[in-house]
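Derivation of every value follows stated rules applied to the coordinates shown; laboratory data play no part. Just so it is clear, the structure is predicted and the values come from calculations on it, not from any experiment. Glycine also receives a Cβ, built like all others from the backbone with ideal geometry; neighbour counts cover every protein chain displayed.
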Amino acid sequence: MEARLNYFADPTATKVLKHFMTAGQALRESSLPRATQELISLRVSQINGCGMCTDMHTKDAAAAGESPVRLNLVAAWREATVFTEAERAALALAEEGTRIADGAGGVGDQVWANAATHFDEEQLTALVLLIAFMNTANRMGVIGRMPAGDYAGEVGSA
């Protein structure tokens, strides 16, 4: 597969992506646990069918010490016993926040309340921003048809 766009060759895209990557760095530096961040980034990317981001976050999570078992079970997290209750709450929020159009009411009150029991306000805010960030990155990847498989390591992960 060949990319439709080269975002880094376009002057407008370069300006926008500079700020976008700075936002991504701020999220990585938040108090939201790094393992949770990678699991959420991976799950949102899986839902959206973004191969580039799925490749990136699988490799970054593995490099950060995430186990192959957990990475392989992210798509089936509801049936898996390897995730903490906090991670499960974050994954549920990520799924509902990503599938807004599929759920007539958006993010349900029960999913929100469950996440709020596991994360403080700062972490919850970072989680919501990360979900929105990943949905944006995924749309750029899917629309631009960015190929997957060649990602070699953390470079300011999207």
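Every listed requirement among (1) buried (at least 18 other Cβ atoms within 10 Å of the Cβ); (2) in contact (Cβ under 8 Å) with a residue 40 or more places away in the chain; (3) under 22 Å from Gln123 (Cα atoms); (4) under 15 Å from the mean Cα position of the chain (by Cα) is met by Met56 save one, (3). In the set Met134, Met146, only one residue is in a loop (DSSP other than H, G, I, E, B), surrounded by 14 or more Cβ atoms within 10 Å (Cβ to Cβ) and either among the charged types (D, E, K, R) or out of contact with any strand residue (DSSP E or B) (no Cβ under 8 Å at 6 or more places or on another chain) (or both); that residue is Met146. Sort through Ser67, Ser31 and tell me the only one that's touching a residue at least 60 places away in the same chain (Cβ under 8 Å), small (Gly, Ala, Ser) and over 15 Å from Ala132 (Cα atoms). Being touching a residue at least 60 places away in the same chain (Cβ under 8 Å), small (Gly, Ala, Ser) and over 15 Å from Ala132 (Cα atoms) holds for just one of Ser67, Ser31, which is Ser31. If you filter region 79-108 down to residues that are free of Cβ contacts under 8 Å to residues at least 12 places away in the same chain and in a helix (DSSP H, G or I), you find that the one that is surrounded by the fewest Cβ atoms within 10 Å (Cβ to Cβ) is Glu79. Scanning region 109-123 for residues that are aliphatic (A, V, I, L, M) and buried (at least 18 other Cβ atoms within 10 Å of the Cβ) returns Val111, Ala115. For first residues located in region 9-28 and farther than 20 Å from His57 by Cα, partners that are surrounded by 15 or more Cβ atoms within 10 Å (Cβ to Cβ) and lie 6+ apart or on another chain with Cβ distances below 8 Å form the pairs Ala13/Tyr7; Thr14/Tyr7.
Those residues that are under 22 Å from Ile100 (Cα atoms) and among the β-branched types (Val, Ile, Thr), I need them from region 20-73; list them, please. Across region 20-73, the qualifying residues are Thr36, Ile40, Val44, Ile47, Thr54.
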